[in-house]
Every structure is written in C-alpha cells, then in structure tokens.
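Worksheet: one structure, shown below.
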Amino acid sequence: MRRTGLCTGRFIQAQIINLLKELQDKYNLTYLFISHDLSVVEHISDTVGVMYLGNLVEYGATPDIFSHPLHPYTKALFSAIPIPDPTIRRERIVLQGSIPSPANPPKGCKFHTRCPYATERCKTEAPQQREVEPGHYVVCHLYEK
C-alpha cells in the first residue's frame, strides 16, 4: 500500500506557501502566520515571535532568531528541528516537567517550571521584554544588564 496522501499534502502545502510568499512580495502584504512547522515559518517570515503559554518570549528578524535564539524555550524548540544532513549533529534540549495549565498559569515567569536556568526570582517576578540586540527582543531575567 502506498502512502501518496502525505507526499501530495506536502506538495500542495509547498505550493500554497510559495503562492503566499509571491503575493506577499508582489503586493507588499503582511501576514500573521501561526504555525508549529518551523521550516515553513523560517521560509515565509521576515519577523518571528515565539510564544510560550500564550506569552511572547522572543521576537525579532527571522534570520536573527533562527541563527541566534536567546530565550531558553526558543533554544529548546529549535533544538528539535531535524537537520537534513546526517553528518551534522545538534544537541537536543529536552525540557523537564509538565506544561502548566493556561487557565491557571504559574506566577512569575510562565516558563520557570520547565526552565533549566530558573532562579527564585523567576518564580515570583515576571520578566520584562528587553532589546538584547538591535531589533531582537527577549522576555527573560537572564538577559538583564
């Protein structure tokens, strides 16, 4: 039995993404594109915002975010992206703990229950958004000056 549906689905998805990109370039359109498919996000986006538990944790130009992620959640998320070259290895960051309920989020930083770098301050005080590099923003106590 052949599974052509998966290939056809990917082919159609690629055509739609390419059409969206073409229309975006031609008409100077802006999209709010929400996806878990990070390869598509990287292909279609000029700017990326990474969210955790409904909160923006990192924001910036797509090349900056993908080449130099700052927030611990973004780093863990990107470490799960498969690399097509089998000779290249990437250390996978596996987050511990369970995802808190969005209906009853933890106090302080929403990510502190799973963050390997969490401090006592993270448990009580929500971090503020900071511009760490020009146009690259992160919401994390680790990047305070």
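Each reported figure results from applying straightforward, stated rules to the coordinates on display, with no laboratory input. Here the structure is a predicted model, which means the values were calculated and not measured. Ideal geometry is used to build each Cβ from the backbone, glycine not excepted, and the neighbour counts take in all protein chains shown.
Considering each residue of the range 33-61, count those that are under 11 Å from the mean Cα position of the chain (by Cα), touching a residue at least 24 places away in the same chain (Cβ under 8 Å) and surrounded by 16 or more Cβ atoms within 10 Å (Cβ to Cβ), and give that number.
Residues that pass the stated criteria total 7.
Could you tell me whether any residue of the range 106-120 is touching a Lys or Arg at 6+ places or on another chain (Cβ under 6 Å), surrounded by 11 or more Cβ atoms within 10 Å (Cβ to Cβ) and farther than 30 Å from residue 17 by Cβ?
First pass over the range 106-120, keeping only residues touching a Lys or Arg at 6+ places or on another chain (Cβ under 6 Å): 108, 112.
With surrounded by 11 or more Cβ atoms within 10 Å (Cβ to Cβ) added as a condition, the list becomes 108, 112.
Applying the additional criterion that residues be farther than 30 Å from residue 17 by Cβ yields 108, 112.
Yes: the range 106-120 contains one or more residues that are touching a Lys or Arg at 6+ places or on another chain (Cβ under 6 Å), surrounded by 11 or more Cβ atoms within 10 Å (Cβ to Cβ) and farther than 30 Å from residue 17 by Cβ.
Residues of the range 46-85 being among the polar types (S, T, N, Q) and out of contact with any strand residue (DSSP E or B) (no Cβ under 9 Å at 6 or more places or on another chain), which ones?
From the range 46-85, those among the polar types (S, T, N, Q) are 47, 55, 62, 67, 74, 79; that's our starting set.
Result: 67, 79.
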